[in-house]
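Report on the structure given below.
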Amino acid sequence: MEVIIQPTADAASHVAARIFARQIRTKPTSVLGLATGSTPLGLYRELVSMHERAALDFAKVTTFNLDEYVGLGPDHPQSYAHFMREHLFSKINIAPSGTRIPDGLTRDIAAHCADYEQAIRDAGGIDLQLLGLGTDGHIGFNEPSSSLGSRTRLKTLTERTIADNARFFSSPSEVPRHVITMGVGTIMEARHCVVLAFGEKKAGAVAATVEGPVTASVPSSALQLHARCTLIIDEGAAGALERADYYRWVYNNKPEWQRA
Ligand code: F6R
(Lines give C-alpha, C1' and ligand atoms only; values in the text may rest on other atoms or scores of the structure.)
Protein backbone atom coordinates (compact mmCIF):
# COMPACT_ATOMS: atom_id res chain seq x y z
CA MET A 1 0.00 0.00 0.00
CA GLU A 2 1.31 3.45 -0.84
CA VAL A 3 0.98 5.83 2.13
CA ILE A 4 1.07 9.56 1.36
CA ILE A 5 1.21 11.82 4.40
CA GLN A 6 0.35 15.46 3.81
CA PRO A 7 0.46 18.35 6.28
CA THR A 8 -3.28 19.05 6.14
CA ALA A 9 -6.54 17.52 4.96
CA ASP A 10 -6.70 20.19 2.22
CA ALA A 11 -3.27 19.20 0.91
CA ALA A 12 -4.26 15.53 1.00
CA SER A 13 -7.51 16.28 -0.86
CA HIS A 14 -5.48 18.13 -3.46
CA VAL A 15 -3.27 15.07 -4.09
CA ALA A 16 -6.41 12.89 -4.37
CA ALA A 17 -8.00 15.38 -6.80
CA ARG A 18 -4.95 15.18 -9.05
CA ILE A 19 -5.25 11.37 -9.11
CA PHE A 20 -8.96 11.59 -10.02
CA ALA A 21 -8.36 14.27 -12.64
CA ARG A 22 -5.58 12.27 -14.26
CA GLN A 23 -7.81 9.18 -14.33
CA ILE A 24 -10.64 11.12 -16.02
CA ARG A 25 -8.39 12.89 -18.51
CA THR A 26 -6.61 9.64 -19.42
CA LYS A 27 -9.87 7.71 -19.79
CA PRO A 28 -12.91 9.99 -20.29
CA THR A 29 -15.23 6.96 -19.94
CA SER A 30 -13.81 6.13 -16.49
CA VAL A 31 -15.92 4.25 -13.96
CA LEU A 32 -15.50 5.82 -10.53
CA GLY A 33 -16.50 4.41 -7.15
CA LEU A 34 -17.54 7.22 -4.80
CA ALA A 35 -17.96 7.71 -1.07
CA THR A 36 -19.90 10.12 1.14
CA GLY A 37 -19.35 11.50 4.66
CA SER A 38 -17.11 14.35 5.78
CA THR A 39 -13.86 13.01 4.37
CA PRO A 40 -14.43 13.44 0.60
CA LEU A 41 -15.84 16.98 0.81
CA GLY A 42 -12.50 18.68 0.07
CA LEU A 43 -11.85 16.35 -2.86
CA TYR A 44 -15.31 17.03 -4.31
CA ARG A 45 -14.76 20.78 -3.95
CA GLU A 46 -11.49 20.44 -5.87
CA LEU A 47 -13.10 18.35 -8.61
CA VAL A 48 -15.88 20.94 -9.00
CA SER A 49 -13.25 23.66 -9.25
CA MET A 50 -11.26 21.65 -11.82
CA HIS A 51 -14.48 21.20 -13.82
CA GLU A 52 -15.21 24.95 -13.73
CA ARG A 53 -11.68 26.27 -14.22
CA ALA A 54 -9.78 23.53 -16.01
CA ALA A 55 -12.55 21.96 -18.12
CA LEU A 56 -12.40 18.62 -16.34
CA ASP A 57 -15.07 16.78 -18.31
CA PHE A 58 -17.39 14.29 -16.60
CA ALA A 59 -19.75 13.86 -19.56
CA LYS A 60 -18.77 10.24 -20.21
CA VAL A 61 -17.91 9.26 -16.64
CA THR A 62 -19.95 6.62 -14.81
CA THR A 63 -20.12 6.49 -11.01
CA PHE A 64 -21.17 3.92 -8.45
CA ASN A 65 -21.57 4.97 -4.83
CA LEU A 66 -20.49 2.66 -2.08
CA ASP A 67 -23.59 2.73 0.05
CA GLU A 68 -26.98 4.10 1.04
CA TYR A 69 -29.12 4.06 4.18
CA VAL A 70 -32.02 1.63 4.06
CA GLY A 71 -35.31 3.49 4.44
CA LEU A 72 -34.11 6.87 3.10
CA GLY A 73 -35.27 7.91 -0.38
CA PRO A 74 -33.15 10.08 -2.69
CA ASP A 75 -34.90 13.27 -1.56
CA HIS A 76 -34.26 12.70 2.13
CA PRO A 77 -31.70 15.34 3.19
CA GLN A 78 -29.51 12.73 4.94
CA SER A 79 -29.62 10.20 2.10
CA TYR A 80 -26.39 9.64 0.26
CA ALA A 81 -28.17 10.28 -3.04
CA HIS A 82 -29.01 13.77 -1.75
CA PHE A 83 -25.44 14.22 -0.49
CA MET A 84 -23.98 13.37 -3.89
CA ARG A 85 -26.31 15.76 -5.75
CA GLU A 86 -25.56 18.55 -3.30
CA HIS A 87 -21.78 18.19 -3.18
CA LEU A 88 -20.85 16.93 -6.63
CA PHE A 89 -23.36 15.82 -9.25
CA SER A 90 -25.29 19.11 -9.51
CA LYS A 91 -22.02 21.02 -9.93
CA ILE A 92 -20.39 19.02 -12.73
CA ASN A 93 -21.50 17.92 -16.19
CA ILE A 94 -22.12 14.26 -15.35
CA ALA A 95 -25.16 12.62 -16.96
CA PRO A 96 -27.73 11.69 -14.28
CA SER A 97 -28.04 8.29 -15.99
CA GLY A 98 -24.33 7.77 -15.39
CA THR A 99 -24.64 7.97 -11.60
CA ARG A 100 -25.69 4.93 -9.58
CA ILE A 101 -26.37 4.77 -5.85
CA PRO A 102 -27.99 1.83 -4.05
CA ASP A 103 -31.73 2.42 -3.63
CA GLY A 104 -32.52 2.75 0.06
CA LEU A 105 -36.23 2.22 -0.65
CA THR A 106 -35.93 -0.96 -2.69
CA ARG A 107 -38.47 -3.61 -1.75
CA ASP A 108 -36.24 -6.51 -2.72
CA ILE A 109 -32.83 -5.82 -1.24
CA ALA A 110 -31.22 -9.08 -2.35
CA ALA A 111 -32.30 -8.62 -5.99
CA HIS A 112 -31.29 -4.96 -5.94
CA CYS A 113 -27.83 -5.83 -4.61
CA ALA A 114 -27.38 -8.50 -7.30
CA ASP A 115 -28.43 -5.93 -9.94
CA TYR A 116 -25.94 -3.41 -8.53
CA GLU A 117 -23.10 -5.92 -8.81
CA GLN A 118 -24.19 -6.73 -12.37
CA ALA A 119 -24.32 -3.04 -13.29
CA ILE A 120 -20.72 -2.62 -12.08
CA ARG A 121 -19.65 -5.60 -14.19
CA ASP A 122 -21.63 -4.31 -17.21
CA ALA A 123 -19.83 -0.95 -16.90
CA GLY A 124 -16.51 -2.78 -17.16
CA GLY A 125 -15.61 -2.68 -13.46
CA ILE A 126 -14.51 0.25 -11.32
CA ASP A 127 -11.35 2.02 -12.47
CA LEU A 128 -10.82 4.20 -9.43
CA GLN A 129 -12.53 3.69 -6.09
CA LEU A 130 -12.64 6.40 -3.42
CA LEU A 131 -12.87 5.20 0.19
CA GLY A 132 -13.20 6.90 3.55
CA LEU A 133 -12.30 5.05 6.72
CA GLY A 134 -14.57 4.42 9.69
CA THR A 135 -13.05 4.81 13.15
CA ASP A 136 -13.64 1.06 13.52
CA GLY A 137 -11.86 0.27 10.23
CA HIS A 138 -14.94 -0.03 8.04
CA ILE A 139 -14.77 0.68 4.31
CA GLY A 140 -18.09 1.24 2.63
CA PHE A 141 -20.23 0.08 5.54
CA ASN A 142 -18.44 -3.22 5.92
CA GLU A 143 -18.30 -3.23 9.68
CA PRO A 144 -15.81 -5.34 11.68
CA SER A 145 -16.42 -9.08 11.13
CA SER A 146 -17.60 -8.48 7.53
CA SER A 147 -16.41 -11.22 5.21
CA LEU A 148 -13.38 -10.05 3.27
CA GLY A 149 -14.96 -11.66 0.20
CA SER A 150 -18.38 -10.03 0.70
CA ARG A 151 -20.45 -8.52 -2.12
CA THR A 152 -23.07 -5.76 -2.18
CA ARG A 153 -25.62 -6.55 0.52
CA LEU A 154 -27.53 -5.37 3.59
CA LYS A 155 -25.42 -4.57 6.66
CA THR A 156 -26.35 -3.54 10.18
CA LEU A 157 -24.34 -0.56 11.45
CA THR A 158 -22.41 -0.84 14.72
CA GLU A 159 -23.40 1.42 17.60
CA ARG A 160 -20.06 3.18 17.13
CA THR A 161 -20.81 4.04 13.49
CA ILE A 162 -24.31 5.17 14.44
CA ALA A 163 -22.75 7.45 17.09
CA ASP A 164 -20.14 8.70 14.58
CA ASN A 165 -22.82 9.50 11.98
CA ALA A 166 -25.34 10.98 14.43
CA ARG A 167 -23.83 14.44 13.75
CA PHE A 168 -25.67 14.50 10.41
CA PHE A 169 -29.06 13.78 12.06
CA SER A 170 -31.00 15.60 14.78
CA SER A 171 -30.53 12.65 17.18
CA PRO A 172 -28.75 9.25 17.18
CA SER A 173 -32.15 7.51 17.20
CA GLU A 174 -32.80 8.91 13.70
CA VAL A 175 -29.73 7.24 12.17
CA PRO A 176 -30.94 4.22 10.20
CA ARG A 177 -29.66 0.91 11.57
CA HIS A 178 -29.28 -0.68 8.16
CA VAL A 179 -27.47 0.15 4.96
CA ILE A 180 -26.87 -1.33 1.54
CA THR A 181 -23.14 -1.40 0.91
CA MET A 182 -20.72 -2.72 -1.67
CA GLY A 183 -18.86 -5.64 -0.13
CA VAL A 184 -15.17 -5.84 0.66
CA GLY A 185 -14.83 -8.25 -2.27
CA THR A 186 -16.60 -5.74 -4.55
CA ILE A 187 -14.24 -2.96 -3.45
CA MET A 188 -11.17 -5.17 -3.86
CA GLU A 189 -12.01 -5.64 -7.56
CA ALA A 190 -11.57 -1.92 -8.30
CA ARG A 191 -8.41 -1.38 -10.32
CA HIS A 192 -7.13 1.38 -8.04
CA CYS A 193 -8.33 2.29 -4.55
CA VAL A 194 -7.71 5.71 -3.03
CA VAL A 195 -8.37 5.88 0.72
CA LEU A 196 -8.61 9.22 2.53
CA ALA A 197 -8.50 9.67 6.31
CA PHE A 198 -8.12 12.88 8.27
CA GLY A 199 -7.71 13.81 11.90
CA GLU A 200 -6.47 12.16 15.07
CA LYS A 201 -9.68 10.22 15.54
CA LYS A 202 -8.77 8.14 12.48
CA ALA A 203 -5.17 7.45 13.60
CA GLY A 204 -5.92 4.06 15.20
CA ALA A 205 -7.90 2.86 12.19
CA VAL A 206 -5.17 4.05 9.81
CA ALA A 207 -2.45 2.18 11.72
CA ALA A 208 -4.57 -0.99 11.83
CA THR A 209 -5.28 -0.68 8.10
CA VAL A 210 -1.63 -0.31 7.08
CA GLU A 211 0.43 -2.05 9.75
CA GLY A 212 -1.93 -4.42 11.54
CA PRO A 213 -2.76 -7.99 10.56
CA VAL A 214 -5.15 -8.65 7.68
CA THR A 215 -8.32 -9.49 9.54
CA ALA A 216 -12.09 -9.25 9.16
CA SER A 217 -12.01 -7.43 12.51
CA VAL A 218 -10.56 -4.47 10.57
CA PRO A 219 -12.15 -4.73 7.09
CA SER A 220 -9.90 -1.99 5.69
CA SER A 221 -6.87 -4.21 6.39
CA ALA A 222 -7.95 -6.29 3.35
CA LEU A 223 -6.53 -3.43 1.28
CA GLN A 224 -3.04 -4.71 2.17
CA LEU A 225 -3.83 -7.42 -0.40
CA HIS A 226 -4.86 -4.94 -3.10
CA ALA A 227 -2.37 -4.57 -5.94
CA ARG A 228 -2.87 -0.79 -6.17
CA CYS A 229 -4.05 1.06 -3.10
CA THR A 230 -3.08 4.65 -2.25
CA LEU A 231 -3.79 5.91 1.27
CA ILE A 232 -3.66 9.71 1.53
CA ILE A 233 -3.80 11.11 5.05
CA ASP A 234 -3.02 14.22 7.06
CA GLU A 235 -0.57 14.43 9.97
CA GLY A 236 -3.30 13.81 12.55
CA ALA A 237 -4.37 10.53 10.95
CA ALA A 238 -0.71 9.49 10.62
CA GLY A 239 -0.11 9.85 14.36
CA ALA A 240 -0.11 6.11 15.24
CA LEU A 241 1.87 4.81 12.24
CA GLU A 242 5.14 3.12 13.26
CA ARG A 243 6.77 3.64 9.88
CA ALA A 244 5.53 7.16 9.15
CA ASP A 245 9.09 8.40 8.52
CA TYR A 246 9.67 5.67 5.96
CA TYR A 247 6.43 6.52 4.10
CA ARG A 248 7.48 10.17 3.99
CA TRP A 249 10.92 9.20 2.74
CA VAL A 250 9.45 6.99 0.02
CA TYR A 251 7.13 9.78 -1.17
CA ASN A 252 9.91 12.38 -1.15
CA ASN A 253 12.20 10.09 -3.14
CA LYS A 254 9.72 9.02 -5.81
CA PRO A 255 10.84 9.11 -9.39
CA GLU A 256 9.16 12.12 -11.03
CA TRP A 257 7.07 9.95 -13.39
CA GLN A 258 5.51 8.16 -10.40
CA ARG A 259 4.31 11.29 -8.62
CA ALA A 260 0.58 11.91 -8.34
C1 F6R B 1 -19.51 6.57 3.16
C2 F6R B 1 -18.74 5.39 3.55
C3 F6R B 1 -18.10 5.32 4.90
C4 F6R B 1 -17.36 6.59 5.28
C5 F6R B 1 -16.76 6.44 6.68
C6 F6R B 1 -16.03 7.69 7.11
O7 F6R B 1 -20.00 6.43 1.85
O8 F6R B 1 -18.66 4.48 2.80
O9 F6R B 1 -17.20 4.24 4.91
O10 F6R B 1 -16.35 6.83 4.35
O11 F6R B 1 -17.76 6.15 7.59
O12 F6R B 1 -16.96 8.71 7.28
P13 F6R B 1 -16.48 10.23 7.48
O14 F6R B 1 -15.81 10.62 6.23
O15 F6R B 1 -17.74 11.00 7.69
O16 F6R B 1 -15.57 10.22 8.65
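A few points about this structure:
- Calculated P(r) of the chain - Cα pairs past 31 Å, %: 19
- Distance between the C-alpha centres of region 91-169 and region 191-252: 20 Å, rounded to the whole angstrom.
- Of the trypsin sites (Lys or Arg not before Pro) in region 158-259, those whose Cβ has at most 11 other Cβ within 10 Å and which sit in DSSP loop: R259
- Global form of region 109-260, assessed from the alpha-carbon gyration tensor, a/c cut-off 1.5: oblate
- Per-residue HN-Hα couplings for region 176-190 [Karplus 6.51, -1.76, 1.60; θ = phi - 60°; Hz; x = Gly/Pro]: x, 7, 10, 9, 9, 9, 4, x, 4, x, 4, 4, 5, 7, 4
- Close amide H contacts of V194 (hydrogens built in the peptide plane, cut-off under 5 Å, sequence separation of 5 or more or a different chain): Q129, L130, L131, T230.
- Carbon plus sulfur fraction of accessible area for the chain, probe 1.4 Å, in percent: 52
- Evaluated with a Cβ-only charge set (Lys, Arg +1; Asp, Glu -1), region 2-253 carries a dipole of roughly 500 debye about its Cα centre, given to the nearest 20.
- Under 12 Å, Cβ to Cβ, from G134 - net charge with Lys/Arg +1 and Asp/Glu -1: 0
- For a straight C-alpha distance cut-off of 23 angstrom, the lysines reachable from K202 (same-chain residues fewer than eight places away being disregarded) are K155.
- Across region 235-252, coupling constants 3J(HN,Hα) worked out from phi with the 6.51/-1.76/1.60 Karplus curve, θ = phi - 60°, read 4, x, 6, 8, x, 10, 7, 5, 9, 4, 5, 5, 4, 5, 5, 4, 5, 6 Hz, and Gly and Pro carry x.
- Exposure check, 1.4 Å probe, all protein chains in place: I120 carries approximately 10 Å² of accessible surface.
- Between the listed residues L225, T62, S173, the Cα displaced farthest toward the positive end of the dipole of the chain, a dipole computed from Cβ unit charges relative to the Cα centre, is found at T62.
- Over region 2-253, Cα pairs under 8 Å with separation of 6+ residues give a relative contact order of 24 percent.
The values are calculated or read from the model by the stated rules, or taken from the named source; none is laboratory data. A quick note: this is a predicted structure, and the numbers were derived from the prediction, not measured. Methodologically, a virtual Cβ is constructed for each residue, glycine included, from the backbone with ideal geometry; neighbour enumeration extends over all protein chains shown. We work out accessible area using only protein heavy atoms, side chains counted, and drop any ligands, DNA or RNA first. Shrake-Rupley method; radii C 1.70, N 1.55, O 1.52, S 1.80 Å.
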